[in-house]
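Novice: Mind having a look at this structure? Questions to follow.
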Amino acid sequence: MTNKEFIKGVDLSFVDEVETEGGQYYIDGQPADVYQILDEAGVNAVRLRLWHTPSGGYTNLDRTIEMAKRIKAYNMEFLLDLHYSDYWADPGKQIKPKAWETLSFEELVDVVYSYTKEVMEAFQKEGLLPDMVQIGNEITNGMLWEEGKIYLEKQGKEIENWDGIIPLLKAGLNAVKDVDSQVRTMIHIDRGGDNPGSRKFYDQMAAYKLDYDVIGLSYYPWWHGPYEDFEYNMADVAQRYQKEIIVVEVAYPWALPDYIPNVDDEPDIRENLVPGYPATEKGQKAYLEKLIETVKQTPDQLGKGIYYWEPCWIPSKDTWSVGHENNWSHLTLFDNQGNKLAGLDAFNK
């Protein structure tokens, strides 16, 4: 793809595990390479997460390199998502790799640089250099806790610590550019429908004069607010910061989940669907078409694309390397048996 194309991307980080342990994807009842199915459906970019030393054996450097070979074979854009953790990194947890637990802050900054550079050079050696790299994943509350945590409590008072995360971000950004200055960089938070939260974070990035290329936002209606709030935030963030924006995590159900949240802070999707877009194949497809059009209409043409999070994470096994069951199968773009769903056709619009 060319840099001028609108990114219609997918996160395929679980595909390796699905395929390695017996899962299969189908189109018109026939088994097929999932990359071929996606390519024919109009997908032109793939995101892969990288964990430092994952206990489950997947999403490590060697296996991510193998997955990247397939991305390049289909001439798709490659976004590398560096979590700087051995496990999920998100606003609720940013646990530093076990190998880095005893490092001082200065040593942590140094190892972020050296690790990022080594990762980039490993992909470069294989001719698989990413087109774009995320420095951290959903870092709304910082990364590499506690040193890089933004919102802290000290002596019973809440304080903000931006001086911790900024050197860590700069180390990662510098490492990417030192390997290849043409590789684009992204700073990613989860506030797609939260304008005050987005402004709070990216105002600080501007105040510290952080040099990065792309704003990344996650937007799931059941976590991040009404669709109208998302539309407003996209327009405001584009005009305010004059940076390209990619909605780097999106999803929508094709069926209602067969579970009810059992924790206080977990919203029920049933109560947070976008009006007019039911949890059906047609509803999912229509929602994706609407979402893509919204991003394309971002002011100053700064909305550059979307990535659908884990459209291929089908329930092909009971227990996963991440230590829990698949709780995402109602949000995929394939049914539980691996058959392509109508929602995937939204990428061909």
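The values are calculated or read from the model by the stated rules, or taken from the named source; none is laboratory data. In this text the structure is predicted, and so the values were computed from the model without any measurement. Please note: Cβ atoms are built from the backbone with ideal geometry, for glycine as well, and neighbour counts cover all protein chains shown. The accessibility values were calculated without ligands, DNA or RNA, using every heavy atom of the protein model including side chains. Shrake-Rupley method; radii C 1.70, N 1.55, O 1.52, S 1.80 Å.
Novice: Which strands (runs of 3 or more DSSP E) does the range 41-152 wholly contain that include 1 or more residues that are β-branched (Val, Ile, Thr) and within 21 Å of residue 7 (Cα to Cα)? Before the answer, list the steps.
Specialist: Numbers: elements: 45-50, 77-82, 132-135.
Counting at least 1 such residues, we get 45-50, 132-135.
Novice: Shifting gears a bit: Cβ-Cβ distance below 6 Å, separation of 6 or more or different chains: which pairs start in the range 234-254 with a residue that is over 17 Å from residue 81 (Cα atoms) and of a type in the set (Asp, Glu) and end on one that is open to solvent by less than 10 Å² (accessible area, probe 1.4 Å) and at pLDDT 95 or above?
Specialist: As it stands, the answer is 244/214, since those pairs meet every condition given.
Novice: Next question. If residue 206 passes every condition in (1) touching a Phe, Trp or Tyr at 6+ places or on another chain (Cβ under 9 Å); (2) buried (at least 16 other Cβ atoms within 10 Å of the Cβ) but one, which one does it miss?
Specialist: Among (1) touching a Phe, Trp or Tyr at 6+ places or on another chain (Cβ under 9 Å); (2) buried (at least 16 other Cβ atoms within 10 Å of the Cβ), residue 206 violates only (2).
Novice: Does residue 303 satisfy the condition of being over 21 Å from the mean Cα position of the chain (by Cα) and not polar (S, T, N, Q)?
Specialist: Working: over 21 Å from the mean Cα position of the chain (by Cα): no; not polar (S, T, N, Q): yes.
Criteria not met by residue 303.
Novice: If residue 107 passes every condition in (1) surrounded by fewer than 18 Cβ atoms within 10 Å (Cβ to Cβ); (2) more than 30 Å from residue 323 (Cβ to Cβ); (3) modelled with pLDDT of 95 or more but one, which one does it miss?
Specialist: Among (1) surrounded by fewer than 18 Cβ atoms within 10 Å (Cβ to Cβ); (2) more than 30 Å from residue 323 (Cβ to Cβ); (3) modelled with pLDDT of 95 or more, residue 107 violates only (2).
Each row is one residue, and each column tells you yes or no for (1) open to solvent by 10 Å² or more (accessible area, probe 1.4 Å); (2) in contact with a strand residue (DSSP E or B) (Cβ under 9 Å, 6 or more places away or on another chain).
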residue	(1), (2)
256	yes, no
272	yes, no
278	yes, no
283	no, no
286	yes, no
290	yes, no
300	yes, no
337	yes, yes
340	yes, yes
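Novice: What's the number of the only condition in (1) modelled with pLDDT under 95; (2) closer than 24 Å to residue 132 by Cβ; (3) of a type in the set (S, T, N, Q) that residue 319 fails to meet?
Specialist: Result: residue 319 passes all but (2).
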